[in-house]
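Novice: After the structure tokens below, expect a handful of questions from me.
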Amino acid sequence: MIKTCLVAMTTFGALALPLSAEVRMQPVITLQTAQDVVDAALEKAAAEGWPGVVAVTDPAGDLLAFARMDDAAVPAGVTVAPGKARTAALFARPSGDLETAINGSRAAAATAGGFVMMKGGLPLIVDGQVVGAIGVSADTPDHDQAIAEAGAAVLAE
């Protein structure tokens, strides 16, 4: 048993990066910026009377910030909004583009499991790089899109 552990430690230890190695990181948004995006989206939703759910992810589609408004119209929004954001982040395009593809000439896109291919998810782009994404689930696809655009506009300022 000890011999096996030593072999494993030696083998995996060789894979570790030396402290002096430069690791290139993909740019991401900060937690504060993610919260600013959520706040702008919530402000739009409240102003229009479209309560819903807003989620912001990092470029890998992992959740950074989330809010569910009182009286959110769609209870499933707590799952759908993060899914739209994850989809937009990982495909580096609006989640609605995938919905359009499915409804058009690319029906096979529906077989991509684990993604939410509905309007309301937008990649957040800074200097040509996806730094995260926003996903919204309120009441209609157009409202979801408008709320997501209001949140994404924070990064354009």
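Any read-out appearing in this document is the output of simple, stated calculations on the displayed coordinates, not a laboratory observation. Note that the structure is predicted; figures quoted are calculated from it, not measured. Neighbour counts are summed over all protein chains in view; Cβ atoms, including those assigned to glycine, are modelled from backbone coordinates with ideal geometry.
Novice: Could you tally the net charge around GLY61, taking each other residue with its Cβ under 12 Å from the Cβ of GLY61, Lys/Arg +1 and Asp/Glu -1?
Specialist: On the way: positive: LYS84, ARG86; negative: ASP58, ASP62.
Once positives and negatives cancel, what remains is 0.
Novice: Ranking request for peptides 55-61, 85-91: highest mean number of other beta-carbon atoms within 10 Å first, then the rest in descending order. Don't jump to the answer; show the numbers that get you there.
Specialist: Details: 55-61: 23.7, 85-91: 26.3.
Those peptides, ordered most packed to least, come out 85-91, 55-61.
Novice: Sort out for me the Cα centre separation of the range 60-83 from the range 92-157, rounded to whole Å.
Specialist: 14 Å
Novice: Sort 131-137, 101-107, 146-152 for me by packing, meaning the mean count of neighbouring Cβ atoms within 10 Å per residue, highest on top.
Specialist: Details: 131-137: 30.9, 101-107: 12.0, 146-152: 24.7.
So the peptides 131-137, 101-107, 146-152, ranked by packing, come out 131-137, 146-152, 101-107.
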